[in-house]
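S.K.: Before we start, here is the structure in question, set down as structure tokens.
No value in this document is a laboratory result; all are computed from the given coordinates. For clarity, every value in this text was computed on a predicted model and none was experimentally measured. Every residue, glycine as well, gets a Cβ built from its backbone with ideal geometry; the counts of neighbours run over all protein chains shown.
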Amino acid sequence: MKVLVPVKRVMDYNVKARVKSDGTGVDLANVKMSMNPFDEIAVEEAVRLKEAGTATEVVAVSCGVAACQETLRTAMAIGADRAVLVESDAELQPLAVAKLLKAVADKESPQLVILGKQAIDDDSNQVGQMLAALLGWPQATFASKVVIADGKATVTREVDGGLETVALTLPAVVTTDLRLNEPRYATLPNIMKAKKKTLDTLKPDALGVDVSPRLTTVRVSEPPKRSAGIKVADVAQLVDKLKNEAKVF
Amino acid sequence: MSTYLAPMRDMQFIMNEVAGLEEVCALPGNEECSVELVESILEEAAKFATGVLDPINAVGDRDGATCADGVVTATPGFKEAYQLFVETGWNSLHCSPEYGGQGLPTLVSTAVNEMWKSSNMAFALCPMLTGGAIEAIAHHASPELRAKYLPKMVEGSWTGTMNLTEPSAGSDLAAIRTRALPVGDGSYRISGTKIFITWGEHNMTENIVHLVLGRLPDAPPGVKGISLFLVPKFLVNDDGSLGARNDLVCASVEHKMGIHGSPTAVMAFGEGEGALGWVIGEENKGLGYMFTMMNHARVNVGLEGVGISERSFQHALAYARERVQGAPVGTAPADKKPILHHPDVRRMLMDMKSRTEAMRTLAYYVAAEMDRAHAGNEASRARVDLLTPVVKGWSTEQGIELASTGVQVFGGLGFIEETGACQYYRDSRITTIYEGTTGIQANDLIGRKLAREKNPGVAMRALLAEIAATVAELKADAELAAIGGQLEAGAAALASATDWLIANYEADTAAALAGAVPFLKLTGIVAGGWLMAKSALVARRQIAAGSSDPFYTGKIATATYFASHQLPFADAYSAEVTGGSAATLALAENLF
């Protein structure tokens, strides 16, 4: 079974995001970039499937600027067998990424596409779902457990009310939630081996995908600063404020 | 608390565009290495530093290593972190492939080591000491000892230590009294007390390999009678399994000002029949063996100055962006802003950033020169010898100053332990002392590396000639001409102090030595200023070629700051060297 793992290069989760003074976006100057943490969980899961003998090949794919090669090398250091970069300097929105991934999936014919449920930069939470629709495959999002057997993926999903378990016929798309696994630290020998693995570069044009943006960013602003708290005199006042000011009832 | 994030952009800039990583990768023996591979290595090392080592740094400070009945227990979390460190293979990065290492260049290990030192200096001392012991054994021990001990040490399953200091033998190693009696079968019985043994005892690994300086009964007096012995905590059987406990014990661990996570042991060897040890190399040549690994060890401690400054800077910067106090000058009083908007806070942070970058550039530059020297380049060898005491002495002295500035940025909260700024300051304080004090580094610089060279001053003049070439390049560029002028003045100050030292060293050695530390700082400032100026030239070329990366404009700004705020000190230090010793030594000893 071949597993395709899309990964995205994003601002490192430890970096405190700052909005550019002109409100056009987040300031990325000199900022440390890393693999989207949810995608890292997806790579880890795919590699575990391979180590368990369930998967035969793990292919990492990333869409974006040339520097995404670093992210792909990270995936290969964790254990992906090879990587594909769809290189583009354009702003890639979720639909464009989903279309690019569909084109890659058509070429690679994986049985499973596993990717993060969302990227921590724009939090769109759309690519996995769009990709499943474009491929016409079943999907299971927010996975906290994935079991592959007999041509089926049995996926435990984290939903509002608790856990839901669904069975999908492969090929399928699975998106990962935080509790699926804890990604390993790559070992130095594996980092060195990763450089000998294949990294192919494709262009959106060659895949026949139009990546031009469909959405316009109007303005990016910081969340409002938390204002100072107040002391309430008694329980009655607290209930009143919760009811009439915070409107929680 | 802030989170440590490796300064990847600056590290990669210095490695790729200043220190010459690509060229280092092309040196014989480095075929495995490439710029892309190094990027991946830095990426993963940064993850480890941020995710594993940084979170237990403050824990190590609060809850340091403890000793009870000779058993030393490391800080909670350290043992697990160390095991992960070994499993992920980081210990073997720089070691020879012959013993299971990855054999990567010094330039690469230097950048990775900086991350360990920034994120957790107390922890990082353990693999650093193992690395030093590996080097001594690999270069000088018999094939049998190498085969028996090195694979486990390279892996990190066993750690190593350096046992030099004794209660009455600190900087003066000639006074060493630890005794070694030949048993007759090639082994020796060692007895004596060693102090200040970093990671001398701990519970993180199954064995510890001590390298111990001692004397044979018939040894000549002084430094010519010191031998180096390998003394394992547990004896190692011929099949590699562990045998009996050797006759050595940790008597206590010190209560220290900083690096609480690193146990500093008092080691008692041979309280019974004598600890079994094996001589490394030949008898009575131990001190020479210790010196062969001194360059690496000293650059590594210099790197602690870089690492602690960077960490302290990141911590202060995070606070300065958050802490709202007052309105910046010229704005409405109600429009209060984070303190980063206030000019004096900006000054402190710029000072920290610029000087840390200068130190990092010097350390990486010297690391790359070590790689070239290793490949047989004699000019590089001379440059390494000259600048090693400067990397060690200058960077660590600056580390203390900058960690102190890091406390200052926090105002009153900086003095409160919970804030975390204090730890970097306290941890930094040891760095100018161990592995040879700043005074020892400075004496080495003006003596062996300058006035007592076979051809006195030749290495320094070669450096000055290179600086002059950079000055010419800077002056040809209107934007950088000011830096050129400041560097030229700094270099002139260094040249005159150099001339004075060479002219007066023999006739009035005391006067020369009284100015040794100012001379070391002078060299550091000019060498650091030179490399920052070279960085600015690179940045200008990138911008001219169309790069819009704001890193490059930032680099020109930090280089300009260094030239205008640090290089002017060169004149003062030079005056101290050439005309200050009489005043330094004027007060008679009894009048103090």
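S.K.: Starting from one equal scatterer on each C-alpha and no solvent at all, send me the Debye-based log10 I(q)/I(0) for chain A at q = 0.13 Å⁻¹, two decimals.
M.R.: Relative scattering, expressed as log10 I(q)/I(0), comes to -0.83.
S.K.: Mind listing the phi-derived Karplus ³J(HN,Hα) values for segment A:157-162, rounded to whole Hz, using 6.51, -1.76 and 1.60 with θ = phi - 60°, and x for any glycine or proline?
M.R.: Running phi through 6.51 cos²θ - 1.76 cosθ + 1.60 with θ = phi - 60° gives 10, 8, 10, 3, x, x Hz.
S.K.: If you don't mind, there's one more thing I want to ask. Expressed as a rounded percentage, what relative contact order does segment B:443-584 have, with Cα pairs under 8 Å and six or more residues apart? Can you show the working numbers first?
M.R.: Details: 159 pairs, mean separation 44.1, N = 142.
Reported as a whole number, the value is 31 percent.
S.K.: Going by amide H atoms built from the backbone, whose H comes under 5 Å of the H on A:Trp137, apart from near neighbours?
M.R.: Long-range HN contacts for A:Trp137: none found.
S.K.: Plugging the Kirkwood radius over Cα pairs into Stokes-Einstein for segment B:160-203, at a temperature of 37 °C and a viscosity of 0.692 mPa s, what D comes out in µm²/s? Spell out each step's value before the answer.
M.R.: Values: Rh = 11.8 Å.
The Stokes-Einstein estimate is 278 µm²/s.
S.K.: Given only helices, namely DSSP H runs of n ≥ 4 each adding -39500 (n - 2.57), what is the per-residue ellipticity at 222 nm of chain B, to the nearest 500 deg cm²/dmol? Please list the in-between numbers first.
M.R.: Working: 21 runs with 313 residues, N = 592.
Mean residue ellipticity, 222 nm, calculated: -17500 deg cm²/dmol.
S.K.: Over chain B, what relative contact order in percent results from Cα pairs under 8 Å that are six or more residues apart?
M.R.: Working: 1097 pairs, mean separation 76.2, N = 592.
It rounds to 13 percent for chain B.
S.K.: Let me know the charge dipole size of the protein assembly as shown about its Cα centre in debye, to the nearest 20, where only the beta-carbon of Lys, Arg (+1) and Asp, Glu (-1) is charged. It would help to have the intermediate numbers written out before the result.
M.R.: Numbers: 79 positive and 98 negative charges, 227 e Å.
Dipole size: approximately 1080 debye.
S.K.: Something else about it: Rounded, prolate or oblate: which one fits segment B:120-245, using the alpha carbon gyration tensor with axes a ≥ b ≥ c (rounded when a/c is under 1.5, else prolate when a/b beats b/c, else oblate)?
M.R.: Details: a/c = 1.83, a/b = 1.23, b/c = 1.49.
Oblate, because a/c is 1.5 or more while a/b does not exceed b/c.
S.K.: Output needed: percent of Cα pairs per 5 Å distance bin for segment B:443-584, bins running from 0 to the one holding the longest distance.
M.R.: 2, 11, 20, 20, 16, 11, 9, 6, 4, 2, 1, 0
S.K.: Can you give me the long-range amide H partners of B:Arg452? Hydrogens built in the peptide plane at 1.01 Å from N, cutoff under 5 Å, separation of 5 or more residues or another chain.
M.R.: Under 5 Å from the amide H of B:Arg452: no residue qualifies.
S.K.: Under 20 Å Cα to Cα from B:Lys256, which lysines show up? Leave out anything in the same chain fewer than 8 places away.
M.R.: B:Lys117, B:Lys194
S.K.: Given a Förster radius of 30 Å and the C-beta distance between B:Glu479 and A:Ala66 as r, what FRET efficiency does 1/(1 + (r/R0)^6) yield to the nearest 0.05?
M.R.: Working: r = 29 Å, r/R0 = 0.97.
It comes to 0.55.
S.K.: Roughly how far apart, in whole Å, are the Cα centres of segment B:118-189 and segment B:360-398?
M.R.: 24
S.K.: Does segment A:1-118 come out rounded, prolate or oblate, given a ≥ b ≥ c as the square roots of the eigenvalues of its C-alpha gyration tensor, rounded meaning a/c under 1.5 and, failing that, prolate meaning a/b above b/c? List each step's numbers first, then the result.
M.R.: Values: a/c = 2.44, a/b = 1.70, b/c = 1.44.
Note, shape of segment A:1-118 comes out prolate.
S.K.: Hey, another quick one. Over all distinct alpha-carbon pairs, what is the Kirkwood Rh of chain B in angstrom?
M.R.: On the way: mean 1/r = 0.0401 Å⁻¹.
Final number for the Kirkwood radius of chain B is 24.9 Å.
S.K.: At what distance in angstrom do the alpha carbon centres of segment A:179-249 and segment B:443-497 lie from each other?
M.R.: Taking the Cα centre of segment B:443-497 as reference, the centre of segment A:179-249 is 51 Å away.
S.K.: Under the Cβ-under-4.7 Å rule, which cysteines of the protein assembly as shown stay unpaired?
M.R.: If one checks each Cβ against the other cysteines of the protein assembly as shown, A:Cys63, A:Cys68, B:Cys67, B:Cys95, B:Cys126, B:Cys250, B:Cys422 turn up with nothing under 4.7 Å.
S.K.: Across segment B:461-477, in residue order, what do the Karplus-derived ³J(HN,Hα) couplings come to in whole Hz, using 6.51 cos²θ - 1.76 cosθ + 1.60 with θ = phi - 60° and x for Gly and Pro?
M.R.: 5, 5, 5, 4, 5, 5, 5, 4, 5, 5, 4, 4, 4, 5, 5, 7, 10
S.K.: Okay, next question. Given the Cα-Cα distance of B:Asp571 and B:Asn455 and 0.36 nm per residue of separation, how much length would full extension add, in nm?
M.R.: The B:Asp571-B:Asn455 span can extend by a further 39.2 nm.
S.K.: What do you get for trypsin sites (Lys or Arg not before Pro) in segment A:174-216 restricted to DSSP loop and a cutoff of at most 11 other Cβ within 10 Å of the site's Cβ?
M.R.: On the way: sites: A:Arg179, A:Arg184, A:Lys193, A:Lys195, A:Lys196, A:Lys197, A:Arg214; in loops: A:Arg179, A:Arg184, A:Lys195, A:Lys196, A:Lys197, A:Arg214.
Passing both the DSSP loop test and the Cβ count: A:Lys196, A:Arg214.
S.K.: Using alpha carbon centroids, what distance separates segment B:78-115 and segment B:1-29, in Å?
M.R.: Between the Cα centre of segment B:78-115 and that of segment B:1-29, the gap is 16 Å.
S.K.: Mind listing which trypsin sites (Lys or Arg not before Pro) in segment B:400-501 are in a DSSP loop and have 15 or fewer other Cβ atoms within 10 Å?
M.R.: Numbers: sites: B:Arg426, B:Arg429, B:Arg448, B:Lys449, B:Arg452, B:Lys454, B:Arg461, B:Lys475; in loops: B:Arg429, B:Arg452, B:Lys454.
Answer by residue number: B:Arg452, B:Lys454.
S.K.: Using DSSP to call loops (not H, G, I, E or B), can you name the chymotrypsin sites (Phe, Trp or Tyr not before Pro) in segment B:233-279 whose Cβ has at most 16 other Cβ atoms within 10 angstrom?
M.R.: Values: sites: B:Phe234, B:Phe269, B:Trp278; in loops: none.
Here no chymotrypsin sites (Phe, Trp or Tyr not before Pro) fit, given the DSSP loop and packing criteria.
S.K.: In Å, what is the Rg of the alpha-carbon atoms in the protein assembly as shown, and how long is Dmax?
M.R.: In Å, with Rg to one decimal and Dmax whole: 29.5, 93.
S.K.: Let me ask another. What does the convex hull of the Cα atoms come to per residue for segment B:269-313, in Å³? Could you put the intermediate results ahead of the total?
M.R.: Working: hull volume 5.2 nm³, N = 45.
Cα-based convex hull of segment B:269-313, divided per residue, equals 115 Å³.
S.K.: Between A:Arg214 and A:Asp27, what is the FRET efficiency for a Förster distance of 22 Å, r being their Cβ-Cβ separation, to the nearest 0.05? Before the final figure, lay out each step's value.
M.R.: Working: r = 25 Å, r/R0 = 1.12.
Plugging the Cβ-Cβ distance into 1/(1 + (r/R0)^6) gives 0.35.
S.K.: Enumerate the calculated ³J(HN,Hα) couplings along segment A:31-38 in order (Karplus 6.51 cos²θ - 1.76 cosθ + 1.60, θ = phi - 60°), each rounded to whole Hz, writing x wherever the residue is Gly or Pro.
M.R.: 8, 6, 10, 8, 6, 3, x, 5
S.K.: Scan chain B and report its longest stretch carrying no GluC sites (Glu not before Pro) that are both in a DSSP loop and have at most 10 other Cβ atoms within 10 Å. Don't skip to the end; give the middle numbers.
M.R.: Values: sites that count: B:Glu31, B:Glu273.
The reported range is B:274-592.
S.K.: List, in the order given, every pair from A:Lys8/A:Lys145; B:Lys148/B:Lys449; B:Lys353/B:Lys392; A:Lys225/B:Lys353; A:Lys8/B:Lys47; A:Lys107/A:Lys196 whose Cα-Cα distance in the structure shown is over 26 Å. Numbers along the way, then the final one.
M.R.: On the way: A:Lys8/A:Lys145 22 Å; B:Lys148/B:Lys449 37 Å; B:Lys353/B:Lys392 19 Å; A:Lys225/B:Lys353 29 Å; A:Lys8/B:Lys47 17 Å; A:Lys107/A:Lys196 23 Å.
In this structure, B:Lys148/B:Lys449; A:Lys225/B:Lys353 exceed 26 Å between Cα atoms.
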